[in-house]
1. If one takes the longest principal axis of the Cα atoms in the chain, at what angle in degrees, from 0 to 90 and to the nearest 10, does the Cα axis of helix 96-108 lie?
2. Could you point to the residue in Gly208, Thr394, Phe140 farthest towards the positive end of the chain's charge dipole, with +1 and -1 charges on the Cβ of Lys/Arg and Asp/Glu respectively?
3. Stick to the Cα atoms of the stretch 191-259, pair each with every other, and give me the Kirkwood hydrodynamic radius in Å at one decimal.
4. Stretch Val123-Met1 to full length: gain in nm at 0.36 nm per residue minus the Cα-Cα span?
5. Evaluate the charge dipole of the chain about its Cα centre and quote only its size in Debye, nearest 20, assuming +1 on the Cβ of each Lys and Arg and -1 on the Cβ of each Asp and Glu.
6. So what is log10(I(q)/I(0)) for the stretch 3-205 at q = 0.08, 0.17 1/Å, when the Debye sum runs over its Cα atoms only?
7. Say each of Glu67 and Gln393 gets a label point 7 Å from the Cα, pointing the same way as Cα to Cβ; how far apart are those two points in nm?
8. Among Ala336, Ala323, Ala286, which one shows the biggest mean-square fluctuation in a GNM of the chain, springs joining Cα atoms closer than 10 Å?
Amino acid sequence: MTTRVTTLPNGLRVATDAMTQVDTVSLGVWVGVGTRNETPEINGVAHLLEHMAFKGTEGRSARAIAEAIEDVGGHLNAYTTREHTAYYAKVLTDDVSLAVDIVADILQRSVIDEDELKRERAVVLQEIGQAVDTPDDIVFDHFQATAFPDQPLGRPVLGKADIVERLSRTDLLGYQRGHYGAENMVAVASGNIDHDRFVSEIGAAFAGLPAAPSNGLDGASYRGGDFHEERELEQVHLVIGFPGVSFYDADYYAHTLYSMVLGGGMSSRLFQEVRERRGLVYSIYAFSATYRDGGLLGIYAGTGQSQLDEVLPVISDQLIGLADTVTAEELDRARAQLRAGTLMARESTSSRAESLAQQMLVHRRPIPVAELLQKLEAVTLDDVRRLARATPQTPPTVVTLGPSGNLDPFEVIRSRLG
């Protein structure tokens with residue numbers, strides 16, 4: 001294995017994945033909290049806090065942070081998901097110490113200045129507005145909210161504009177103190193990296209980081225249902241989905257392959273039948289969203305209003321018929337796609353760092369590539385058939401954005417699947 005893991009005295013885990021043939025390192029700190037750790041009153045605080053980390057520390061202004069990383073040709077960024085928040089950089093090997101110092105600085109010594117907060121809040125509100133104006137983006141927020149209504153897992157990562165407008169410095173600091181602890185974090189580096197030196201630098205940079213308080217994670221409870229937003233658009237954006245599996249489910253790999261066979265590429269059932277054979281859509285695909293305690297299987301399609309009444313029945317037929325008609329060739333093709341994607345991603349330091357961080361947060365250990373590929377290889381045709389038979393029997397989630405007047409009522413859609 002190319003990976004090594006060390007746990008510091010304060011509980012911070014440090015993991016590296018060595019790639020001695022490259023000249024760069026991707027590194028960062030991943031925090032095991034995100035949108036689902038927010039209360040309804042502060043939805044969007046995790047994302048806003050991530051933005052504010054770059055807006056000045058006790059020793060660096062926002063401009064100084066940007067200049068410090070770009071002076072060495074590096075990149076610095078962050079993102080928030082429903083379960084994780086990441087702060088990461090990519091630099092040349094000789095500049096790892098600087099990157100560690102900057103990441104540690106923005107994570108631990110951000111001042112969250114009131115004037116900067118006012119400006120960045122306005123930036124995030126623009127980001128929310130942009131998402132709302134992007135139908136094939138915001139439809140997935142509606143899908144998530146309908147699948148997991150009145151739950152943290154159903155709330156938007158960006159937050160809602162009226163809540164973000166009210167978020168205060170006290171809210172951000174309270175969330176940070178409540179969740180940004182050493183045991184909730186993992187420091188990761190991938191590339192031309194010396195593990196022992198990286199551990200030493202991370203240990204010094206995060207020596208004052210306290211252990212983690214409770215994450216306060218609420219359990220996910222899939223419910224499903226329907227939601228329709230009428231807009232004057234050229235296309236109807238449709239998402240239909242069902243409950244999926246968690247990261248820890250025995251069917252995790254089988255479910256991933258089932259999703260691929262159904263709609264994971266140009267040779268998939270949905271692409272071939274709905275787009276190639278019938279010409280009903282430009283874009284259609286299936287996806288699997290996975291969380292610590294649940295998941296989703298979803299299908300997205302963008303179609304014209306006049307085609308909508310045909311698209312959903314065809315999708316339903318494909319869902320229902322897959323269990324009895326899926327072939328070994330289809331499964332092998334999906335397996336080859338995932339295998340190739342996994343191995344190709346290993347050529348990127350960023351992808352390997354991301355993968356290692358995810359494994360450490362979810363499974364608390366690196367997963368060797370050989371083990372991952374073996375689990376993919378172990379999935380049988382019967383496994384896929386079993387999932388394909390059970391999934392359409394579960395409560396669906398149906399969401400549209402656009403002119404959806406031709407859509408069948410929810411109960412008709414549900415009965416067709418049952």
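Please treat every number below as a calculation from the coordinates, not as lab data. Source: prediction; values computed, not measured. A quick note on method: Cβ atoms are made from the backbone with ideal geometry, for glycine too, and the neighbour counts reach across all protein chains shown.
1. With rounding to tens, the tilt is 80 degrees.
2. Projecting each Cα onto the dipole axis, the largest value belongs to Thr394.
3. Kirkwood radius, the stretch 191-259: 18.4 Å.
4. Numbers: separation 122, 0.36 × 122 = 43.92 nm, distance 4.29 nm.
Gain on stretching Val123 to Met1: 39.6 nm.
5. Result for the chain is approximately 860 debye, rounded to the nearest 20.
6. Treating every Cα as an identical point scatterer, log10 I(q)/I(0) equals -0.29, -1.15.
7. According to this spin-label approximation, the distance is 6.6 nm.
8. So, out of Ala336, Ala323, Ala286, the one fluctuating most is Ala336.
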